[in-house]
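What follows is a single structure, written as structure tokens, with notes after it.
The values are calculated or read from the model by the stated rules, or taken from the named source; none is laboratory data. Worth saying up front: this structure is predicted, and the values here are computed from it rather than measured. Here the Cβ positions follow ideal geometry from the backbone for every residue, glycine too, while neighbour counts run over all protein chains shown. These area figures cover heavy atoms from the full protein model, side chains too; ligands, DNA and RNA do not enter into them. Shrake-Rupley method; radii C 1.70, N 1.55, O 1.52, S 1.80 Å.
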There are 4 protein chains.
Amino acid sequence: MEDIQSRSDRRDVPLERVGIARLALPMMILEKSEAYQHVVAECSLMVEVPADVRGAHLSRFVEVVTEWANRPVSSSELRSLLEETRRRSGSVSAEAEIRFTYFLPRSAPVSGMSGFLDYMCEFHGRLDGEGYEFILGAEVPITTLCPCSRAISEVGAHNQRATLEAKVCYADGAFIWLEDLIASLEAQASCPVFPILKRADEKYVTETAYENAKFVEDVVRDAVLSIERMSDVVWCAVRCESVESIHNHNAFASAERVFAPSPRRADVPLANAVRGSV
Amino acid sequence: MEDIQSRSDRRDVPLERVGIARLALPMMILEKSEAYQHVVAECSLMVEVPADVRGAHLSRFVEVVTEWANRPVSSSELRSLLEETRRRSGSVSAEAEIRFTYFLPRSAPVSGMSGFLDYMCEFHGRLDGEGYEFILGAEVPITTLCPCSRAISEVGAHNQRATLEAKVCYADGAFIWLEDLIASLEAQASCPVFPILKRADEKYVTETAYENAKFVEDVVRDAVLSIERMSDVVWCAVRCESVESIHNHNAFASAERVFAPSPRRADVPLANAVRGSV
Amino acid sequence: MEDIQSRSDRRDVPLERVGIARLALPMMILEKSEAYQHVVAECSLMVEVPADVRGAHLSRFVEVVTEWANRPVSSSELRSLLEETRRRSGSVSAEAEIRFTYFLPRSAPVSGMSGFLDYMCEFHGRLDGEGYEFILGAEVPITTLCPCSRAISEVGAHNQRATLEAKVCYADGAFIWLEDLIASLEAQASCPVFPILKRADEKYVTETAYENAKFVEDVVRDAVLSIERMSDVVWCAVRCESVESIHNHNAFASAERVFAPSPRRADVPLANAVRGSV
Amino acid sequence: MEDIQSRSDRRDVPLERVGIARLALPMMILEKSEAYQHVVAECSLMVEVPADVRGAHLSRFVEVVTEWANRPVSSSELRSLLEETRRRSGSVSAEAEIRFTYFLPRSAPVSGMSGFLDYMCEFHGRLDGEGYEFILGAEVPITTLCPCSRAISEVGAHNQRATLEAKVCYADGAFIWLEDLIASLEAQASCPVFPILKRADEKYVTETAYENAKFVEDVVRDAVLSIERMSDVVWCAVRCESVESIHNHNAFASAERVFAPSPRRADVPLANAVRGSV
């Protein structure tokens, strides 16, 4: 049978990314507790296709990523996956994105009652002629309480659930636990959210958020500073979007920050290329 | 060319619903102000297929619904659309669902500054041997402020955006404006939400919500009672779901209520059959 | 601190359902292989609130469902969960819905290359004065190839990915494996879908779908008949929706079927009450 | 009442973007036919906040964008909107994104029967010290038919619905109609999709797609070349993602292309900053 994808192409249009998206696979993530957490990963895997090649053999991409099914995956395994992808596709560069819901135990602040919170997390990797780059991402649900509403009102202050997202790129050889990234983000909220809250806890979180009013702008700035304090981070992008309780639209703020003199990070964030839009 | 859909079928399995879903069309809705509002409608149209017929000619469904593109649609036009569908498909029953974002002007409570709020609305119609039935639906964004949090806390109270949905079925010959249904639902919130709020308005909505603490249970009950006060409603279903600001899960309550002695309404809500799941 | 939720209520509006929705938790599902699969469950848990009670203590719901975190859950555990919910809330009825992505290994039809397919699955349970009822649900991705397009065209036939969903309620004491339900649904497609397909496999699935042309109507009927052949099923609802490759809208068909003389199943499907709309 | 947002900030973290997201508004778009089409726009509006300013007055953003409600909006009005935003917020830069469903009439290829197709479209604008930049975007549903499947199979070939997205940035003073951009994209499909297809049309589209087999790689390359032929385009990004009918994952390809020697376009696409993730 003819191998159409390997044919030459005369249109002279290189393709930055060709691959598979939205492939679900069971994977494992090493917890800081040293246990493995089973996750449901949504995987994307892609390569560059030069101007003179017709296309990529996508079935090989599924084969490569399936080899990591039910196995532990972190920055170094992602590098191996990308090396294998480059080898089998003959491509100059390969990129992958793995998104998964990650659970952490969270105890109520007064009663201590424990449950689980879910965080959407991401691993992004890119391997090309300049080397390997890894980005760790987490989306953390938090409470924000409006400083303006508090300052001008006799009683109360509007507050709401918000999502605080961060992506961090760290130096080769370094390692950052999702547990640490998530905890550093939660600490920047007006108050963290919790799975179980008894009455004494509800009093505590209500009063804590009130004492700690923050705009989305404040949350993003404080998150950038807290990430700066983590060693080895060379770059971060942070975004907070709040489901305003007094409107039917959202408020958001974002910042990007380079900490190391010359990070190699590509200009276009990986995740955006894979998901949403062009 | 052979007409495969009209062939007979020997499997002896009648199909309750066969049709098209997620068809987008521009339509017009008569406002209470007597102007027409242009909307983007997501349309579903379906018929019953008896056990001995192979299938339905779905292209005719698109033809029928397209005749209403860029034209005013309400309960009576939906009935005509269903009559035409039955006539052209030879079916005993026909159902349609039309969902659209509807805008209403909303002025800030103190400054009076005006903007637009968007509401997801629905028209459902069913025409069968027992007659015609029409259901009007609206999803209204509101603020809820927790009575428990307020009662136990020294300062503040958690609050959040919530969605209050209602579906109402009214007697043949009656008419209920979306404007009236939406206003009656907004009035049951801890406080309505607004598009533009200047500082004096923000103080007002913060304090109003605080003075008017409500659980989702309260909102649903008050909404049911407010719908009961509208004349001609024979049945309603109400649901409120709040994006809890202190959790990463939601709270909800729902109630269904029959007001007239013998409404003809089918047991299975139309919308559910079309959208989500079986 | 005052217990506001337990207060009496004078509005005389009973609430069919009050609870929590969209709570994520890690759970385990027993595979037919006798291994346990770790899943990410989206949980809803709710009770009836009678007319004279103000509300439900939702934190208890989170406590109850969290007790099943990282533990095996099936029909019988769901019953225990509902019994505990009723006991702690003093409610007459309790309902739960658990949705999760479930993986099964699937081998390519010619090369035998193996990967994983993901299926959205659901457990629904309801416990009330009449007893316990359990519904098992699965959404299966399939290929459908249009019989009309094939019959009238010189070459080719349009085909597309479709979703075939089924919910089945089975007799108390019976047990149906997700593996068996999913396999019986996949067998009704023009061709199943696969994670990895090499060239010889792609030829096979292309030709198989072509030889086995089916409308969504055909798929639903054949699925109903295949479920009828499974012992112990007392009721099913089946729905197929295809992402038509020649349109920007979808085609769908659905059927509901009662197999046993007098199933106890409530008229309103549980899932619909929890998710989408009222 | 105190103006908290205008306070100075000592954290030394500039914020690239602060604003509102997911605000729905009715707007009008000038059609190439010279009529105005009423659309439901999802608007985002944001500014840069320098390191020494605490935050932005988001209510002013809603005021500014609401002034364009029910009025025609295109590249030049977006520029005025951004100038007004900069003036009222005192910001160095302002950006906006407007997304809307746009309808075009589409006639079946043989019967000529006419209906409407819906396209998700976008206007992005950015105004800063370097000037004004406008990006036009469209997502077009198409059919792709697999060349490999066709080449190796005795009969048939797998095909599916795909989405072809393009964003184009054109020189100041130029103007590109959405109608022209969409038509140039549809022409690159294996076959366009249509709202109404009678049997003779279905034969035509089935055979046309078969004769015109294309990978997503082919579609993207041909789209890039067709955009290159439109005058005045200085940059484009193109992406095609197909809902593979034989898999439960998608295939995609993307390319970015600079046509003019030195386009001013910022490195980070606007849309990505607003929607999805950081």
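The table below gives the values:
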{"quantity": "Qualifying residues in the stretch B:242-252 (those that are more than 18 Å from the chain's Cα centre (by Cα) and part of a strand (DSSP E or B)) - the one surrounded by the fewest Cβ atoms within 10 Å (Cβ to Cβ)", "calculated": "B:Asn250"}
{"quantity": "Hits in the stretch C:1-32 - residues which are part of a loop (DSSP other than H, G, I, E, B), in contact (Cβ under 8 Å) with a residue 60 or more places away in the chain and either loosely packed, with under 14 Cβ neighbours inside 10 Å or away from chain A (no Cβ under 14 Å) (or both)", "calculated": "C:Lys32"}
{"quantity": "Count of the stretch C:202-221 residues which are touching a helix residue (DSSP H, G or I) at 6+ places or on another chain (Cβ under 9 Å) and in a loop (DSSP other than H, G, I, E, B)", "calculated": "3"}
{"quantity": "Top-ranked residue in the stretch C:129-147 [being over 22 Å from the mean Cα position of the chain (by Cα) and within 29 Å of C:Asp118 (Cα to Cα); ranked as surrounded by the fewest Cβ atoms within 10 Å (Cβ to Cβ)]", "calculated": "C:Pro147"}
{"quantity": "Odd one out for B:Glu84, checked against (1) more than 14 Å from chain A (Cβ to nearest Cβ); (2) touching a residue at least 24 places away in the same chain (Cβ under 8 Å)", "calculated": "(2)"}
{"quantity": "Residues (polar (S, T, N, Q) and assigned to a strand (DSSP E or B)) located in the stretch B:33-44", "calculated": "B:Gln37, B:Ser44"}
{"quantity": "Single condition C:Ala189 does not satisfy, out of (1) open to solvent by less than 30 Å² (accessible area, probe 1.4 Å); (2) more than 14 Å from chain D (Cβ to nearest Cβ)", "calculated": "(2)"}
{"quantity": "Matching entry among B:Tyr210, B:Tyr204 (being within 26 Å of A:Arg199 (Cβ to Cβ), within 14 Å of chain A (Cβ to nearest Cβ) and of a type in the set (Phe, Trp, Tyr))", "calculated": "B:Tyr210"}
{"quantity": "Among the residues listed as B:Ala162, B:Ala183, B:Ala189, the single one being touching a strand residue (DSSP E or B) at 6+ places or on another chain (Cβ under 9 Å), free of Cβ contacts under 8 Å to residues at least 24 places away in the same chain and closer than 30 Å to B:Val73 by Cα", "calculated": "B:Ala183"}
{"quantity": "Qualifying residue in the stretch A:88-99 (condition: surrounded by 17 or more Cβ atoms within 10 Å (Cβ to Cβ), aliphatic (A, V, I, L, M) and at the interface with chain C (Cβ under 10 Å from one of its Cβ atoms))", "calculated": "no"}
{"quantity": "Index of the failed condition, D:Phe175 passing every other in (1) touching a strand residue (DSSP E or B) at 6+ places or on another chain (Cβ under 9 Å); (2) aromatic (Phe, Trp, Tyr); (3) surrounded by fewer than 19 Cβ atoms within 10 Å (Cβ to Cβ)", "calculated": "(1)"}
{"quantity": "Search result, residues across the stretch D:222-241 that are in a strand (DSSP E or B), facing chain A (nearest Cβ under 10 Å) and over 17 Å from A:Glu48 (Cα atoms)", "calculated": "D:Cys236"}
{"quantity": "Residue ID - farthest from the chain's Cα centre (by Cα), chosen from residues in the stretch A:148-165 that are more than 9 Å from chain B (Cβ to nearest Cβ) and open to solvent by 10 Å² or more (accessible area, probe 1.4 Å)", "calculated": "A:Ala151"}
{"quantity": "Pick from the stretch B:110-122, criterion open to solvent by 50 Å² or more (accessible area, probe 1.4 Å) and over 17 Å from D:Thr66 (Cβ atoms), ranking: farthest from the other protein chains (Cβ to nearest Cβ)", "calculated": "B:Val110"}
{"quantity": "Positions within the stretch A:245-254 being touching a residue at least 12 places away in the same chain (Cβ under 8 Å) and within 9 Å of chain D (Cβ to nearest Cβ), in sequence order", "calculated": "A:Ala251, A:Phe252, A:Ala253, A:Ser254"}
{"quantity": "Which numbered condition A:Arg79 misses (of (1) assigned to a helix (DSSP H, G or I); (2) closer than 25 Å to A:Gln5 by Cβ; (3) touching a strand residue (DSSP E or B) at 6+ places or on another chain (Cβ under 8 Å))", "calculated": "(2)"}
{"quantity": "Members of the stretch D:33-62 that are within 14 Å of chain B (Cβ to nearest Cβ), more than 30 Å from D:Trp177 (Cα to Cα) and touching a strand residue (DSSP E or B) at 6+ places or on another chain (Cβ under 8 Å)", "calculated": "D:Gly55, D:Leu58"}
{"quantity": "Exclusive hit being closer than 19 Å to C:Arg239 by Cβ, in contact with a helix residue (DSSP H, G or I) (Cβ under 9 Å, 6 or more places away or on another chain) and not in a loop (DSSP other than H, G, I, E, B), set B:Val64, B:Val47", "calculated": "B:Val47"}
{"quantity": "Only listed residue being touching a Phe, Trp or Tyr at 6+ places or on another chain (Cβ under 9 Å) and either under 13 Å from A:Thr143 (Cα atoms) or of a type outside the set (Ser, Thr, Tyr) (or both), chosen from A:Val193, A:Val238, A:Val243, A:Val258", "calculated": "A:Val258"}
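Rundown of residues vs (1) under 22 Å from B:Leu23 (Cα atoms); (2) modelled with pLDDT of 95 or more; (3) aromatic (Phe, Trp, Tyr); (4) open to solvent by 40 Å² or more (accessible area, probe 1.4 Å), yes/no style:
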residue: D:Lys198; (1), (2), (3), (4): yes, yes, no, yes
residue: D:Arg221; (1), (2), (3), (4): no, yes, no, no
residue: D:Ser231; (1), (2), (3), (4): no, no, no, yes
residue: D:Ser254; (1), (2), (3), (4): no, yes, no, no
residue: D:Val274; (1), (2), (3), (4): no, no, no, no
